[in-house]
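Trainee: Sharing a structure, written as structure tokens. Questions coming.
The values are calculated or read from the model by the stated rules, or taken from the named source; none is laboratory data. These figures come from a predicted structure and were not determined experimentally. No Cβ is skipped: glycine too gets one built from the backbone with ideal geometry, and neighbour counts run over all protein chains shown. Accessible surface is based on the protein model in full, side chains and every heavy atom, while ligands, DNA and RNA are left aside. Shrake-Rupley method; radii C 1.70, N 1.55, O 1.52, S 1.80 Å.
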Amino acid sequence: MQDTGRSTPLRLTVGPWPHTSLEVGGLSACEAVDFGLALCLGEQPAERAPVRLYVMGENKWRDFPFWPPPEYEHQRFHLRPGGAQATDPPPADAAPDGYYYDPADPTPALGGARMSFAAKAGPLDQAKLEARPDVLTYTKSALDQDVEVIGEVSAEIFFRSSLPYADVFVRLCDVDEKGRSINVCDGLTSLTDADELTRATVQLWPTAYRFKRGHRIRVQISSGAFPCYNRNPGTGEPRATATTLRAADQQVFHDPEHPSAVFR
């Protein structure tokens, strides 16, 4: 996002509240009122940076000239054997990891971006979800310095299923010194040729987050987040009317020829 000389300035303010929250207030609410009143009165709003973000983890508002911010370097977090994760590419002898996905017992959604008053949204403890056998986790060693992820987040997951129809769900998490895993952002993509080894590109929600020194960066891989995303029946039928559910064996590859990773 960039102001290109319009008479009415462009403003982007992104805070840490869920979309359905009734508690939006503080700085953002005051700015919205002041901005709108100035325009209604035919006046120019007060000067401010075009982009203002609440950086989670740091828990502070910060200003930026553009969205996405231009100063952050591209970085890949590679999945590695044994549930590990690192910036270095995976070793040559890395075997794929696997899990069994059953749409009759779909992997549940836990926190994250939700459009529902009935379910908790935002950052939540992921322990219950990560204990499920249909969720893989890959965790980086403890950070020796703060790491910021601000902007677009994507994943490339080399994936194969026993069925042609499958979903790949990817979630980025922050694990604190006590081992508590909290979700940061996530995304899902659907495949129609999943029975062949496929590079699944997953676009996660953009974020503004600081992983603190001593924390660990974790990636979850699964095949659903129900009911935030409707479950994949595994048959190719329309999801809203499917009557047959087929379970599948899923594989995630992470070797030099198939370097699965999350990146920004």
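Trainee: Cβ contacts < 8 Å: first residue more than 13 Å from Gln250 (Cβ to Cβ) and acidic (Asp, Glu), restricted to segment 143-171; second residue open to solvent by 30 Å² or more (accessible area, probe 1.4 Å) and assigned to a strand (DSSP E or B), any location; separation 6+ or different chain. Result?
Mentor: Asp146/Arg210; Glu148/Arg210; Glu152/Gln203; Glu152/Pro206; Glu156/Arg199; Glu156/Thr201; Glu156/Pro259; Glu156/Phe263
Trainee: With respect to the numbered conditions (1) over 30 Å from Ala86 (Cβ atoms); (2) free of Cβ contacts under 8 Å to residues at least 40 places away in the same chain, which one is the sole condition not fulfilled by Gly179?
Mentor: Of the numbered conditions (1) over 30 Å from Ala86 (Cβ atoms); (2) free of Cβ contacts under 8 Å to residues at least 40 places away in the same chain, the odd one out for Gly179 is (1).
Trainee: On to the next question. Filter segment 76-128 down to the residues that are part of a loop (DSSP other than H, G, I, E, B), buried (at least 19 other Cβ atoms within 10 Å of the Cβ) and among the polar types (S, T, N, Q) and list them by number.
Mentor: Matches in segment 76-128: Thr107, Gln126.
Trainee: Checking the structure you have, find out if any residue of segment 220-236 is within 15 Å of the chain's Cα centre (by Cα), among the β-branched types (Val, Ile, Thr), outside any loop (DSSP other than H, G, I, E, B) and at pLDDT 95 or above.
Mentor: Yes; the residues of segment 220-236 include at least one that is within 15 Å of the chain's Cα centre (by Cα), among the β-branched types (Val, Ile, Thr), outside any loop (DSSP other than H, G, I, E, B) and at pLDDT 95 or above.
Trainee: So, one more: Hey, can you tell me all the residues within segment 136-192 that are of a type in the set (Asp, Glu) and under 22 Å from Asn230 (Cβ atoms)?
Mentor: Result: Asp167, Asp186.
Trainee: In segment 229-245, which residue that is over 22 Å from Pro133 (Cα atoms) and among the hydrophobic types (A, V, I, L, M, F, W, C) is surrounded by the fewest Cβ atoms within 10 Å (Cβ to Cβ)?
Mentor: Result: Ala240.
Trainee: May I ask you to list the residues in segment 216-228 that are buried (at least 20 other Cβ atoms within 10 Å of the Cβ) and not hydrophobic (A, V, I, L, M, F, W, C)?
Mentor: Arg218, Gln220, Ser222, Ser223, Gly224
Trainee: Looking only at segment 92-136, how many residues end up being among the polar types (S, T, N, Q) and touching a Gly at 6+ places or on another chain (Cβ under 6 Å)?
Mentor: Within segment 92-136, residues that are among the polar types (S, T, N, Q) and touching a Gly at 6+ places or on another chain (Cβ under 6 Å) number 1.
Results for (1) assigned to a loop (DSSP other than H, G, I, E, B); (2) open to solvent by less than 60 Å² (accessible area, probe 1.4 Å); (3) small (Gly, Ala, Ser); (4) at pLDDT 85 or above, shown as yes or no for each residue.
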residue	(1), (2), (3), (4)
Met1	yes, no, no, no
Thr4	yes, no, no, no
Ser21	yes, yes, yes, no
Val24	yes, no, no, no
Glu31	no, yes, no, no
Asp34	no, no, no, no
Ala38	no, yes, yes, no
Phe66	yes, no, no, yes
Pro70	yes, no, no, no
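Trainee: Here is a follow-up. Write out, first by first residue and then by second, each pair whose Cβ atoms fall under 8 Å of each other, whose residues are 6+ apart or on separate chains, and whose first residue, in segment 67-84, is on the phi > 0 side of the Ramachandran plot while the second is modelled with pLDDT under 95 and among the acidic types (Asp, Glu).
Mentor: none
Trainee: So for segment 223-234 (the condition being touching a Pro at 6+ places or on another chain (Cβ under 9 Å) and among the charged types (D, E, K, R)), does at least one residue qualify?
Mentor: There is at least one residue in segment 223-234 that is touching a Pro at 6+ places or on another chain (Cβ under 9 Å) and among the charged types (D, E, K, R).
Trainee: Still on this structure, I have one more. Do we have Gly57 as of a type in the set (Gly, Ala, Ser) and touching a Lys or Arg at 6+ places or on another chain (Cβ under 8 Å) here?
Mentor: yes
Trainee: What about Ala194, is it part of a loop (DSSP other than H, G, I, E, B), in contact (Cβ under 8 Å) with a residue 12 or more places away in the chain and among the aliphatic types (A, V, I, L, M)?
Mentor: Yes.
Trainee: Related question: Within segment 187-206, can you find the residues that are within 30 Å of Leu12 (Cα to Cα) and either open to solvent by 10 Å² or more (accessible area, probe 1.4 Å) or touching a helix residue (DSSP H, G or I) at 6+ places or on another chain (Cβ under 6 Å) (or both)?
Mentor: Once the filter is applied, which keeps residues that are within 30 Å of Leu12 (Cα to Cα) and either open to solvent by 10 Å² or more (accessible area, probe 1.4 Å) or touching a helix residue (DSSP H, G or I) at 6+ places or on another chain (Cβ under 6 Å) (or both), segment 187-206 yields Leu188, Thr189, Thr201, Gln203, Trp205, Pro206.
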